[in-house]
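One structure below.
The values are calculated or read from the model by the stated rules, or taken from the named source; none is laboratory data. None of the values given here were measured: they were computed from a predicted structure. Note that we place each Cβ from the backbone using ideal geometry, even for glycine, and neighbour counts take in every protein chain shown.
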Amino acid sequence: MGVPPPGPKGATMGKLNAKHWRRDKFGFLSTLVETFGDIVGFDIGHSPFILVNGAEHIHALLFKREGSLRKPEFVKESNRGHWGDGLTTIDGAGWRPRRQLLRPAFRAAPVAERLPVVAELT
């Protein structure tokens with residue numbers, strides 16, 4: 001395992017971070033990036049987080065190192081109650097075939113007509 005990223009961690013910082021997070025989420029995250037760089041470890045309350053900022057880092061994480069990522073159990077459990085097993089509740093080899101089934105729905109032509117709705121809701 002590599003060196004953990006820099007950032008404000010620990011019980012005292014977790015409480016302080018939670019206060020700043022509730023007040024201004026984007027301001028809090030922007031300050032982290034300005035202070036610690038594009039990859040930051042931090043706690044909110046007792047929960048640890050890692051912020052990965054920037055297109056090149058996101059690409060490396062989601063495309064080059066996707067195999068090392070796992071969904072937290074609490075995410076799987078909360079989603080399983082709504083939809084059963086699917087993209088949000090399974091990992092690895094079981095996830096890939098289901099992802100392939102959905103890929104055509106996200107090509108440019110089918111998505112283009114829905115972009116105004118996506119922009120409005122965003």
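Of note:
- Among the helices (runs of 4 or more DSSP H) confined to the range 1-115, the ones with at least 3 residues that are surrounded by 13 or more Cβ atoms within 10 Å (Cβ to Cβ) and in contact with a strand residue (DSSP E or B) (Cβ under 7 Å, 6 or more places away or on another chain) are located at 11-23, 25-36.
- VAL111 vs. criteria at pLDDT below 75 and not aromatic (Phe, Trp, Tyr): yes
- Among (1) in contact (Cβ under 8 Å) with a residue 24 or more places away in the chain; (2) touching a Leu at 6+ places or on another chain (Cβ under 9 Å); (3) under 27 Å from ASP91 (Cβ atoms) - the single one ASP43 does not satisfy: (2)
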